[in-house]
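The values are calculated or read from the model by the stated rules, or taken from the named source; none is laboratory data. Note that this is a predicted model, so its numbers are computed, not measured. FYI the Cβ positions are ideal-geometry reconstructions off the backbone, even for glycines, and counts take in every protein chain you see.
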Amino acid sequence: MTFADHYQALIQKVRTSRKYRALQLPDSTLRDLLEGEDAKSTSLADLEDRFRSKLHNLVAPYLENIDYQAEMRFLTKNADSFFSNINQEKRWAESLMRRHASSRERLPYLDEFYATIWEAAGTPTSILDLACAIDPLGLPWMNLPPEATYFAYDIHLPRVNFLNKYFELAHPNAHAVQQDILLNPPSQQADLAFFLKEAHRLEKRQPGILSDFFTSIPAKQLVVSLPETDLSGHHHLDHYHRSLIFDAIQDKDWQLTERQVGDELLFFIKKTA
Ligand SMILES: C[S@@+](CC[C@H](N)C(=O)[O-])C[C@H]1O[C@@H](n2cnc3c(N)ncnc32)[C@H](O)[C@@H]1O
């Protein structure tokens with residue numbers, strides 16, 4: 001067996017495993033994680049362990065128990081009555097956001113969260129939502145102008161398909177795309193890119209990458225958010241998270257401003273004057 005065959009066999013093993021098969025992760029993501037661990041590993045068994053651990057860190061902390069197929073059926077059946085009433089849409093979106101760690105933490109502050117972003121960044125007419133998870137379910141709180149476009153990116157295919165069903169019925173200017181934004185940054189230009197609660201994890205995936213990653217995003221402004229504490233709520237991370245952002249933009253001619261809503265530190269990075 002050649003090394004390329006071993007790679008392919010490991011990818012296939014993970015792809016068909018009970019833990020990951022439903023997610024249909026992009027081949028490029030799996031290959032990148034595997035290649036990244038290859039140089040550090042001492043044997044094929046060690047490579048497999050490292051690969052699985054890296055993949056677990058990337059995906060597992062944010063797997064929730066939403067049945068996306070059932071939600072899509074529910075939406076299709078109830079679309080007519082459902083999306084004519086914003087309060088009903090909000091109640092449904094809230095019930096799903098409650099099940100996903102990073103959205104749940106934001107629920108008590110949703111109105112304030114988006115109002116603060118628009119106040120600091122201006123109200124955008126085009127948004128990229130990078131590593132979105134179910135963040136786009138916040139659309140009913142965003143109060144965007146009707147012509148605003150919204151492109152959301154995630155590697156988790158069932159989430160992306162579900163978001164597209166929701167968008168088709170309720171927000172026709174929004175689109176979800178299965179894409180690894182580190183390996184294939186969006187080509188879509190936008191006023192503003194959200195990169196919410198993921199920069200510290202991207203840094204873990206590939207240390208030192210944030211500066212190049214921010215450069216690669218075709219938006220005039222980035223809103224990067226990071227949690228003030230860890231998922232358990234016990235450890236303060238604000239100092240470490242601030243330095244991640246400062247280090248990433250230190251040699252750029254970009255403007256940085258900061259806000260905080262709830263536990264979320266918001267960094268506004270303006271690329272253009
Ligand atoms: C911490 S959650 C992000 C939460 C969301 N931005 C929010 O604030 O509610 C992580 C999400 O990012 C996605 N993700 C991680 N790395 C990614 C990548 N390189 N490209 C696209 N999506 C990614 C995961 O599939 C998961 O849905």
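Listing for the model above:
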item	result
In segment 92-108, residue surrounded by the fewest Cβ atoms within 10 Å (Cβ to Cβ) [restricted to those that are touching a strand residue (DSSP E or B) at 6+ places or on another chain (Cβ under 9 Å) and either outside the structural domain of LEU196 (by TED's automatic domain parsing) or under 20 Å from ALA193 (Cα atoms) (or both)]	SER102
Set ALA133, ALA93, ALA79: member being under 19 Å from LEU226 (Cα atoms) and in contact with a helix residue (DSSP H, G or I) (Cβ under 8 Å, 6 or more places away or on another chain)	ALA133
Single unsatisfied condition, ASN143 versus (1) surrounded by fewer than 19 Cβ atoms within 10 Å (Cβ to Cβ); (2) more than 28 Å from GLY262 (Cβ to Cβ)	(2)
Criterion violated by ASN164 - all others in (1) over 14 Å from the mean Cα position of the chain (by Cα); (2) at pLDDT 95 or above; (3) more than 27 Å from LEU55 (Cβ to Cβ) satisfied	(3)
Given (1) out of contact with any Leu (no Cβ under 9 Å at 6 or more places or on another chain); (2) outside any loop (DSSP other than H, G, I, E, B); (3) among the hydrophobic types (A, V, I, L, M, F, W, C), index of the condition LEU144 fails	(2)
Members of segment 139-170 found to be closer than 20 Å to GLU119 by Cβ, among the hydrophobic types (A, V, I, L, M, F, W, C) and in contact with a helix residue (DSSP H, G or I) (Cβ under 7 Å, 6 or more places away or on another chain), listed by number	TRP141, MET142
Any hit, segment 1-19, residues being out of contact with any Gly (no Cβ under 7 Å at 6 or more places or on another chain), within 24 Å of LEU196 (Cα to Cα) and assigned to a helix (DSSP H, G or I)	no
Checklist (1) part of a helix (DSSP H, G or I); (2) within 13 Å of the ligand (Cβ to nearest atom); (3) among the charged types (D, E, K, R) applied to ASP180, failing item	(1)
Test: ALA60 is exposed (fewer than 15 other Cβ atoms within 10 Å of the Cβ), modelled with pLDDT under 90 and farther than 21 Å from GLN8 by Cβ	yes
Test result for ILE181, surrounded by 18 or more Cβ atoms within 10 Å (Cβ to Cβ) and of a type in the set (A, V, I, L, M)	yes
Top-ranked residue in segment 65-79 [being part of a loop (DSSP other than H, G, I, E, B) and touching a Lys or Arg at 6+ places or on another chain (Cβ under 9 Å); ranked as surrounded by the fewest Cβ atoms within 10 Å (Cβ to Cβ)]	ASN65
Matching residues, segment 105-141, being within 16 Å of the ligand (Cβ to nearest atom) and not in a helix (DSSP H, G or I)	ILE127, LEU128, ASP129, LEU130, ALA131, CYS132, ALA133, ILE134
Flag for LYS165 being touching a residue at least 60 places away in the same chain (Cβ under 8 Å), within 25 Å of ASP38 (Cβ to Cβ), assigned to a helix (DSSP H, G or I) and more than 9 Å from the ligand (Cβ to nearest atom)	no
Lone unmet requirement of (1) within 14 Å of the ligand (Cβ to nearest atom); (2) surrounded by 18 or more Cβ atoms within 10 Å (Cβ to Cβ); (3) outside any strand (DSSP E or B) for ILE245	(1)
Odd one out for THR215, checked against (1) polar (S, T, N, Q); (2) assigned to a loop (DSSP other than H, G, I, E, B); (3) at pLDDT 95 or above	(2)
Some residue of segment 210-218 being at positive phi and either touching a residue at least 40 places away in the same chain (Cβ under 8 Å) or surrounded by fewer than 14 Cβ atoms within 10 Å (Cβ to Cβ) (or both)	no
